[in-house]
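Take a look at the structure below.
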Amino acid sequence: MNQTTRTRSTQEWQRADAAHFLHPFTDFQSLARKGSRIITRAEGIYLHDSEGHKILDAMSGLWCVNVGYGRQELVEAATRQLQELPFYNAFFQTATPPAIELAELLAEVTPPQFKHVFFSGSGSEGNDTVVRMVRRYWDLLGQPQRHVIISRKNAYHGSTMAGASLGGMGGMHAQGGLPIPGIVHMEQPYWHELGRGLSRDEFGRVAAGWLEAKILEVGADQVAAFIGEPVQGAGGVIVPPETYWPEIQRICDKYGILLVSDEVICGFGRTGQWFGCERFGTRPDLMTFAKGVTSGYIPLGGVMVGDRVANVLIERGGEFNHGYTYSGHPVACAVAVANIRLIQREGLVERVRDDTGPYLAECFDALRDHPLVGEVQTCGLMGAVLLVKDKASGAPFPEALELGMVCRGHCFGNGLVMRAVGDRMIIAPPLVMTRAQIDDMLVLIRRALDLTL
Ligand code: PLP
């Protein structure tokens, strides 16, 4: 049974899929009933399915295909490395040239406090590493009681035990005995839900103040770190007020708490800066990355380790008993190097900052006249449209979840991948998207909204 796309019909793929493949975050019975959409190839910002449809991928796969599909440089980098040395590990004092080269390049493109990297295979594993590294840091400083990590409700930090515990998704915590001990959550900076009646700036300061309240509740001498996504991605592209992150930084500094920026989505240009922390003006001690580091062409993740933590780990730590078989996988690292060079050469970060990001903001603003649209937000090349029942009061639809899914269905039916997070319709298209392609996307979004009405 080694048939190619050409020799199997869509129905045959769907049958085999439902019979054997347990998909992530999927209701298995619903998948068996409806059948998967089988994506067979892609180029630029477009996907093609097994039925011959062309679909504009406004989600960059899963927030990762930053340089778009079909980039030969990345294919060639992988092929070359596969031929030369497909695998060797970084355990037991060995290394490979691509892993070293990538470590060096990451130190160049990340903020100046980052000169060291710890590689993982994914964002979730990166955040597992964060939990262990943060606690190890405080152990080495003789403060083992500092083990609590503060995160936020509706955050997404991955699917492993530690990643899902750091995340603030109720549905995930309800399965598998989460969160693990020593992780607590505070409210998210979602103005529309929690800040109405305040200006966005006032709300930003109030929401950041919840960190101080949580620190005092837990006990300042117990808190190891605060972790957050600069913009909450999977939570619905929740862009915080400009006042939020500077105040979070001030509070972390005041109590000596480590600041961890989860840049798995926001990293590598998504916000119009190389990293989201640069867009929002923080100076994190640790930074998790994945996705955009290889534009999703091959799995890779990791943690940038700032001087404050690196110096303690290196000078006082001895052996750090942690690592993955694929930490620094040479093929993944070779692809990442090619990907970052491509982002640099094509000036994609600057293009999002100066051109397509502001243009997307303008286009999303124009959606405000639609009867279903209560709020729009963008940051670089990510955006959200909130569907509301009553525009004046911002009151939600009682059946918000289903409505988002209906809208998502209309997007799909019209050749657009847009994701629904409850009543927030979200996008994060490839960074190579042009203004003309943004126009095309907006036509499809408006059509889907009209059909949802
Ligand atoms: N952190 C954030 C902010 C994410 O959005 C994700 C995935 O979407 C992760 C971590 C987990 O990454 P992965 O799925 O590569 O494990």
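Each value in this text was obtained by applying a stated rule to the coordinates, not by laboratory testing. What you see is a predicted model, and the numbers here were worked out from it, not measured in a lab. So basically every Cβ, Gly included, is an ideal-geometry build from the backbone, and we count neighbours across all protein chains shown.
Before moving on, here are some points about what is shown:
- Going by neighbour counts of Cβ atoms within 10 Å, the residues Arg152, Arg345, Arg368 line up, fewest first, as Arg345, Arg368, Arg152.
- Set of the range 117-152 residues, backbone N closer than 14 Å to the point 7 Å along the Cα-Cβ line of Phe91: none
- Classification of the range 151-260 by its C-alpha gyration tensor yields an oblate form. The axis ratio a/c (a ≥ b ≥ c) is 1.5 or more, and b/c is at least a/b.
- Relative contact order (%) - the chain, alpha-carbon pairs under 8 angstrom, separation at least six: 20
- Computed extension gain for Met405 through Arg33, at 0.36 nm per residue and net of the alpha carbon distance, reaches 132.3 nm.
- Entry for the range 217-293 at q = 0.22, 0.24 Å⁻¹: log10 I(q)/I(0) = -0.98, -1.12, Debye formula applied to identical alpha-carbon scatterers, no solvent contribution.
- Remark: Ile343, Ile100, Ile426 ranked as Ile100, Ile343, Ile426, counting other beta-carbon atoms within 10 Å and listing the fewest first.
- In order along the range 425-441, phi translates into HN-Hα couplings of 8, 10, 9, 7, x, x, 6, 7, 4, 9, 4, 4, 6, 5, 4, 4, 4 Hz, rounded to whole numbers, per the Karplus curve 6.51 cos²θ - 1.76 cosθ + 1.60 with θ = phi - 60° and x for Gly and Pro.
- Of the residues Ser122, Ser165, Ser30, Ser199, the one with the fewest other Cβ atoms within 10 Å heads the list, and the complete ranking is Ser30, Ser199, Ser122, Ser165.
- Only lysine pairs 8 or more places apart or on separate chains count here, and in the chain those with Cα atoms under 27 Å apart total 10.
- Hz values of 3J(HN,Hα) by residue in the range 401-416 - Karplus curve (6.51, -1.76, 1.60), Gly and Pro given as x: 4, 5, 4, x, 5, 5, 5, 4, x, 5, 4, 4, x, 9, x, 9
- Full extension of the chain between Lys153 and Ile314 yields a length gain of 54.6 nm, computed as 0.36 nm times the residue separation minus the alpha carbon distance.
- Sites Glu104 and Lys391 - FRET efficiency at Förster radius 56 Å, r taken between beta-carbons, to 0.05: 0.60
- Gyration tensor verdict on the range 344-453 (Cα atoms; rounded if a/c is under 1.5, prolate if a/b is larger than b/c, oblate otherwise): prolate
- Gyration tensor verdict on the chain (Cα atoms; rounded if a/c is under 1.5, prolate if a/b is larger than b/c, oblate otherwise): oblate
- Loop-located trypsin sites (Lys or Arg not before Pro) across the range 159-205 with a Cβ neighbour count of 12 or fewer within 10 Å are Arg196, with loop assigned by DSSP.
- Within the shell of other residues whose beta carbon sits under 9 angstrom from the beta carbon of Ala155, the net charge comes to 0, with Lys and Arg scored +1 and Asp and Glu -1.
- 10 Å Cβ shell holding at most 10 others, DSSP loop, GluC sites (Glu not before Pro): longest site-free stretch of the chain: 52-318
- Approximate spin-label separation Arg341-Leu194, in nm, with each point projected 7 Å along Cα-to-Cβ: 4.4
- Between Gln11 and Glu242, the contour length at 0.36 nm per residue exceeds the Cα-Cα span by 78.2 nm.
- Point-to-point label distance, Phe21-Asp307, nm (Cα→Cβ direction, 7 Å offset): 4.8
- Debye, to nearest 20: dipole size of the chain, +1 on Lys, Arg Cβ, -1 on Asp, Glu Cβ: 560
- Normalised by 2.2 N^0.38 Å, where N is the number of residues, the alpha-carbon radius of gyration of the range 135-174 equals 1.39.
- With the alpha-carbon atoms of the range 189-241 aligned to their principal axes, the span from lowest to highest coordinate is 33, 25, 14 Å, starting with the largest.
- Separation of the range 297-316 and the range 43-69, taken as the distance between their Cα centroids, equals 32 angstrom.
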